[in-house]
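Accompanying notes for the structure given below.
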Amino acid sequence: MPESNRRNLPQRVRVLVAGGGPVGLSAAVELGRRGIECLVVEPRTAVSHARPRCKTLSVRTMEHLRRWGVADRLRERAPLPTSWSRDVVFCTSLSGHELSRFTGVLGLAPEGDRFPETGQQAPQYVLEEVLRETVEELDACHLVLGARVVALRQDEESVTVTVEDDAGRRSVVTADHVIGCDGPRSVVRDEIGARYVGGQALRPNFGMVFESPDLWQHVRHGPAVQYWIINASAPALVGPLDRHGTWWAIAFGVDRETGEREALRLVEGVAGRPVRARVLSTDPWTARMQIVDRMRHGRVFLAGDAAHLNPPFGGHGLNTGVGDAVDLGWKLAASLAGWGGPALLDAYESERRPVQERVIREATANMRVLSTELLADNLDAADAAGVEARRLAGARIQETKRAEFHALDLVLGLRIDASPVLPESAADGGGALVGARLPHAFLGDGRSLYDLLGADLTLLDLGPETRAAAVEEAARARGVPLAVVRPPEAERPRLAARLGARLVLVRPDQVVAWRGDEAPDDAPALLATLSGHAPPRPRAAPAEALPTEVPSTERKQRT
């Protein structure tokens with residue numbers, strides 16, 4: 001980015017986003033597409049390719065990228081197309097015996113009408129580069145690189161933010177709101193007095209990226225997005241970053257010192273034979289299962305890793321952060337545009353926290369069985385004992401790891417059980433459930449139902465005649481932007497049957513806000529609730545506590 005763009009900070013903005021990783025950039029896209037002026041402050045001047053971090057973009061994240069018009073752009077940049085592989089392989093080494101495999105993993109395979117976009121394997125830097133471009137294309141957004149938020153204070157009217165550039169020069173920016181997307185060492189979190197609660201794993205892990213152009217010729221198991229290596233010398237998880245010899249790996253139970261000293265030995269243990277390799281980067285880490293005690297203080301919010309951390313198994317961390325950004329982005333935009341009431345911003349934490357807590361619990365459950373827990377005698381033996389050992393290992397893998405790779409019910413099926421900005425609903429019999437993602441469908445001409453939705457609230461009118469007048473009038477009176485969508489007449493009976501109603505009201509995040517066969521009895525009250533202007537309701541009981549330590553199986557395997 002040109003020097004002038006990095007140094008010339010605006011004095012005032014509507015929203016300042018601290019941190020320009022995938023979550024901060026997603027929040028900026030959600031705001032900027034709605035014309036809300038925002039400033040993203042990011043210390044890194046360039047996106048590093050040395051540390052790919054997250055590599056799984058979920059179906060839900062790809063649906064948001066589709067809504068922003070950049071899903072195809074990201075797929076074109078991804079080094080591994082979804083057609084290349086949809087498998088996860090468990091093996092004694094890349095050149096050794098296969099123990100088990102899962103196919104159609106991580107939402108990479110289409111499932112009829114269930115979603116318009118499959119998941120995508122792509123290094124995090126690909127997503128960041130696409131989102132940086134997208135932010136720069138939005139007139140309302142300003143991306144400042146080589147600078148960081150170092151302090152803030154707020155009053156009832158605004159937040160005063162101190163920004164320091166990489167030369168130590170400081171500037172002050174006044175914002176209506178601040179979103180802290182500045183990661184586990186978040187300055188914003190510290191400044192508002194929030195803190196992580198939860199626990200962390202006892203066992204270290206050693207991540208690395210290495211280059212080995214000849215390794216592919218020794219892989220006996222065909223293409224896979226992940227290979228779980230089950231052997232005593234290098235129990236690990238490894239996968240390709242591209243098809244040309246760049247790989248990522250996680251060696252389980254290996255500390256920083258050991259990993260850096262024995263990196264090439266670990267690569268050979270993964271390969272199952274001597275290979276030429278060059279280590280490009282290392283990344284020692286320990287899994288954490290933590291969430292902040294509060295995600296909002298006044299005009300300041302937390303999202304992504306600044307708000308919650310979970311083990312990476314299942315690939316949910318970044319995707320949960322993008323969900324935070326989407327949820328908070330449209331709600332902040334509604335508030336700043338004047339149609340969102342006070343309960344709308346209050347709903348950010350009440351809606352997102354149960355999702356974040358469930359993801360932490362699921363990811364922690366996925367961590368119960370890693371390569372270290374699957375070690376057994378005779379796995380590489382060529383005799384009958386080896387055959388039996390491999391059979392038993394494969395059965396245990398199928399029993400304990402399936403949920404990690406086939407988690408679409410978690411990715412797509414999460415439902416908001418209680419929210420101040422959703423109507424209380426009776427038990428639903430199926431179809432479009434209030435608080436859940438709108439069931440997807442392709443139209444006869446190949447279009448996605450999602451592509452018909454408006455930028456703000458959308459009323460799908462699927463009846464044989466117009467039924468939406470009361471809702472339209474209530475939205476007009478409240479100043480709530482509402483698009484009324486009437487799909488082609490031939491499509492309406494099928495869609496009404498799929499959604500379980502002839503009228504379905506959908507939020508900007510594709511969450512069902514209300515449904516019925518006739519207009520609501522009190523449309524003004526419904527719109528008051530959805531826009532955050534209704535009186536507060538009693539709060540729901542607190543969710544189940546997070547895990548504070550790893551299971552005993554991991555403690556026993558600590559090295």
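The values are calculated or read from the model by the stated rules, or taken from the named source; none is laboratory data. This is a predicted model, so every value here is computed, not measured. Backbone-built Cβ (ideal geometry, glycine too); neighbour counts: all protein chains shown.
Within region 457-476, count every residue that is under 20 Å from THR529 (Cα atoms) and outside any loop (DSSP other than H, G, I, E, B).
As a first pass, look at region 457-476 and keep what is under 20 Å from THR529 (Cα atoms): 457-460, 468-476.
Now narrow it down to the ones that are outside any loop (DSSP other than H, G, I, E, B): 457-460, 469-476.
Selection size over region 457-476: 12.
Please indicate, with yes or no, whether at least one residue in region 137-150 is assigned to a helix (DSSP H, G or I) and either at pLDDT 95 or above or within 30 Å of HIS64 (Cα to Cα) (or both). Walk me through it before giving the result.
So in region 137-150, the residues assigned to a helix (DSSP H, G or I) come out as 137.
Imposing the further condition that a residue be either at pLDDT 95 or above or within 30 Å of HIS64 (Cα to Cα) (or both) reduces the set to 137.
The answer is yes, given that some residue of region 137-150 is assigned to a helix (DSSP H, G or I) and either at pLDDT 95 or above or within 30 Å of HIS64 (Cα to Cα) (or both).
For GLY435, all conditions in the list (1) surrounded by fewer than 17 Cβ atoms within 10 Å (Cβ to Cβ); (2) in contact (Cβ under 8 Å) with a residue 60 or more places away in the chain; (3) of a type outside the set (A, V, I, L, M, F, W, C) hold save one; what is the number of the exception?
Evaluating GLY435 over (1) surrounded by fewer than 17 Cβ atoms within 10 Å (Cβ to Cβ); (2) in contact (Cβ under 8 Å) with a residue 60 or more places away in the chain; (3) of a type outside the set (A, V, I, L, M, F, W, C) leaves (1) as the failure.
Looking at region 168-179, can you tell me whether even one residue there is over 22 Å from the mean Cα position of the chain (by Cα) and part of a loop (DSSP other than H, G, I, E, B)? First the steps, then the outcome.
Looking only at region 168-179, we keep the residues that are over 22 Å from the mean Cα position of the chain (by Cα), and these are 168-177.
If we keep only those that are part of a loop (DSSP other than H, G, I, E, B) too, we end up with 168-169.
Yes; the residues of region 168-179 include at least one that is over 22 Å from the mean Cα position of the chain (by Cα) and part of a loop (DSSP other than H, G, I, E, B).
Output the residues belonging to region 381-399 that are crowded, with 16+ Cβ neighbours inside 10 Å and either closer than 15 Å to ALA236 by Cα or in contact with a helix residue (DSSP H, G or I) (Cβ under 8 Å, 6 or more places away or on another chain) (or both).
ALA393, ARG396, ILE397
Filter region 80-100 down to the residues that are within 11 Å of VAL225 (Cα to Cα) and touching a residue at least 40 places away in the same chain (Cβ under 8 Å) and list them by number.
LEU80, TRP84, SER85, ARG86, ASP87, VAL88, VAL89
Does LEU266 count as over 22 Å from LEU106 (Cα atoms) and among the hydrophobic types (A, V, I, L, M, F, W, C)? Break it down stepwise before answering.
Values: over 22 Å from LEU106 (Cα atoms): yes; among the hydrophobic types (A, V, I, L, M, F, W, C): yes.
Considered against the rule, which asks whether it is over 22 Å from LEU106 (Cα atoms) and among the hydrophobic types (A, V, I, L, M, F, W, C), LEU266 comes out as yes.
Which condition does TYR196 not pass, out of (1) touching a residue at least 60 places away in the same chain (Cβ under 8 Å); (2) surrounded by fewer than 22 Cβ atoms within 10 Å (Cβ to Cβ); (3) under 30 Å from ARG86 (Cα atoms), if it passes all the others?
With (1) touching a residue at least 60 places away in the same chain (Cβ under 8 Å); (2) surrounded by fewer than 22 Cβ atoms within 10 Å (Cβ to Cβ); (3) under 30 Å from ARG86 (Cα atoms) applied to TYR196, the lone miss is (3).
Yes/no per residue for (1) in the same structural domain as LEU503 (by TED's automatic domain parsing); (2) more than 29 Å from ARG361 (Cβ to Cβ); (3) in contact with a Gly (Cβ under 7 Å, 6 or more places away or on another chain):
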| site | (1), (2), (3) |
| --- | --- |
| GLN398 | no, no, no |
| ALA407 | no, no, yes |
| LEU438 | yes, no, no |
| ASP445 | yes, yes, no |
| ASP451 | yes, yes, no |
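So which residues in region 455-504 are hydroxyl-bearing (Ser, Thr, Tyr) and more than 18 Å from ALA432 (Cα to Cα), if there are any at all?
Residues of region 455-504 hydroxyl-bearing (Ser, Thr, Tyr): 458, 466.
Correct list: THR466 only.
Sort out which residues of region 477-489 are out of contact with any Gly (no Cβ under 7 Å at 6 or more places or on another chain), in contact (Cβ under 8 Å) with a residue 40 or more places away in the chain and either assigned to a helix (DSSP H, G or I) or among the small types (Gly, Ala, Ser) (or both), and write them in order of number.
Answer for region 477-489, where residues must be out of contact with any Gly (no Cβ under 7 Å at 6 or more places or on another chain), in contact (Cβ under 8 Å) with a residue 40 or more places away in the chain and either assigned to a helix (DSSP H, G or I) or among the small types (Gly, Ala, Ser) (or both): ALA477, ARG478.
Determine whether CYS54 is touching a residue at least 24 places away in the same chain (Cβ under 8 Å), of a type in the set (A, V, I, L, M, F, W, C), under 26 Å from VAL135 (Cα atoms) and in contact with a Cys (Cβ under 7 Å, 6 or more places away or on another chain).
Numbers: touching a residue at least 24 places away in the same chain (Cβ under 8 Å): yes; of a type in the set (A, V, I, L, M, F, W, C): yes; under 26 Å from VAL135 (Cα atoms): yes; in contact with a Cys (Cβ under 7 Å, 6 or more places away or on another chain): no.
No.
Each row is one residue, and each column tells you yes or no for (1) under 24 Å from LEU546 (Cα atoms); (2) not acidic (Asp, Glu).
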residue	(1), (2)
ASN319	yes, yes
GLY329	no, yes
TYR348	yes, yes
MET367	yes, yes
GLU373	yes, no
ALA385	no, yes
ARG396	no, yes
PHE405	yes, yes
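For GLY20, which of the numbered conditions (1) out of contact with any strand residue (DSSP E or B) (no Cβ under 8 Å at 6 or more places or on another chain); (2) modelled with pLDDT of 95 or more fails to hold?
It is condition (1) that GLY20 fails.
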